[in-house]
Every structure is written in structure tokens, then in C-alpha cells.
Amino acid sequence: MILEMLSRADRCTSLSPGIAAALRYLRSVDLTALPDGKVEIDGPRLIANVARYRTKLPDQAVWESHRKYIDVQYVVTGEERIGYIPLENAPAVQSPYNEAKDVIFYEPGRDTFTLRAGQFAIFYPEDIHAPSLADGEPREVLKVVMKVLIED
């Protein structure tokens, strides 16, 4: 897991061409003008999921990880708490891997951090995460999740 400001995204562009493309997209588009939903930037290799929502209470957290995609989660407006557990400390699997949706669901964890407007977090397959959580009262958030296909 990596946490960084979009203004310092150049530090992360060497991680992979897909991550570099995702960060370029986030820096070059008026994200507030995008409608909610899925936007294919480069076919299945790079997808933007735009969402406006209210954060949810911690007991509603969905803990997940992926195998085919890296998530680059960027908060445009607002802030949220995100749960995080390294895969080597994974809690029990709640729902086994769904290849069509590229997701595994886990029993809840406890460790969280705050992702504020202007910050992004990169979650690799070895990073279990639970996004969209409230820190206190639920708040409005605009977030773009870039799905970066892992290519060999």
C-alpha cells in the first residue's frame, strides 16, 4: 500500500506503466465534471470508476482484495477512512475469490487511515482494504478509483 498526494505523483510513476497512466489521467482531467460510473480509458487495462457517495459507518465496512487489478483510489472532495491489512495477516475469508468480479471478501479488520482530498492510495493484490468509511458522522465524498490491470 502506498499513500501520497496527487501533487507528488511523479514519485510513483516508475512503479509501472499502468500506474503512471492512471496518475496522468487523474492529473489531466476535470474529475468534478465526470459523471458517476465506469469509464474505460484503455480498454480493460485502465478503468476509472467515478463515485459520489456518503461514507458509511465502520460496521458496514467491506474488506476486500483483488488479484487482477491494482487500485489507485483518489479522493477528489471530502475525506474517508480506509481499512488496511497486509495479506500475510489476512482475517478469515468471508467469500472466496470471484474471478468475474476480481474480488475476495474477508472478515472485518480494525486498522484504518484517513484519505483526504488530494491524496491517493495504491492497493496491490497483497493489500486488503475497506474503503468509504466515515470518521465520525458520514460525509459526502467524490472519489475516482483507477483500476490498473496487472500485466506480466
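Computed from the coordinates by the stated procedures, all read-outs in this text should not be read as laboratory data. On a predicted model such as this, the values are computed, not experimentally measured, just so you know. Please note: Cβ atoms are built from the backbone with ideal geometry, for glycine as well, and neighbour counts cover all protein chains shown.
Side notes on the structure shown:
- Selected from 71, 102, 127 as most flexible by GNM, with the chain as the system and alpha-carbon contacts under 10 Å: 102
- The slack between residue 151 and residue 33, meaning 0.36 nm per residue of separation minus the straight C-alpha distance, is 39.5 nm.
- Cα shape, the range 72-115, gyration tensor, a/c 1.5 rule: oblate
- Cβ-based exposure ranking for 32, 77, in which fewest neighbours within 10 Å come first: 32, 77
- Computed from the C-beta positions of residue 60 and residue 111 and an R0 of 22 Å, the FRET efficiency is 0.85 to the nearest 0.05.
- Put in line by how crowded their Cβ is, counting other Cβ atoms within 10 Å and starting with the fewest, 65, 14 read 14, 65.
- Relative contact order (%) - the chain, alpha-carbon pairs under 8 angstrom, separation at least six: 37 percent
- Span from the the range 67-112 Cα centroid across to the the range 1-65 one, whole angstrom: 14 Å
- Footprinting exposure proxy for 150, 85 (fewest neighbouring C-beta atoms within 10 Å first): 150, 85
- Gyration tensor verdict on the range 2-149 (Cα atoms; rounded if a/c is under 1.5, prolate if a/b is larger than b/c, oblate otherwise): oblate
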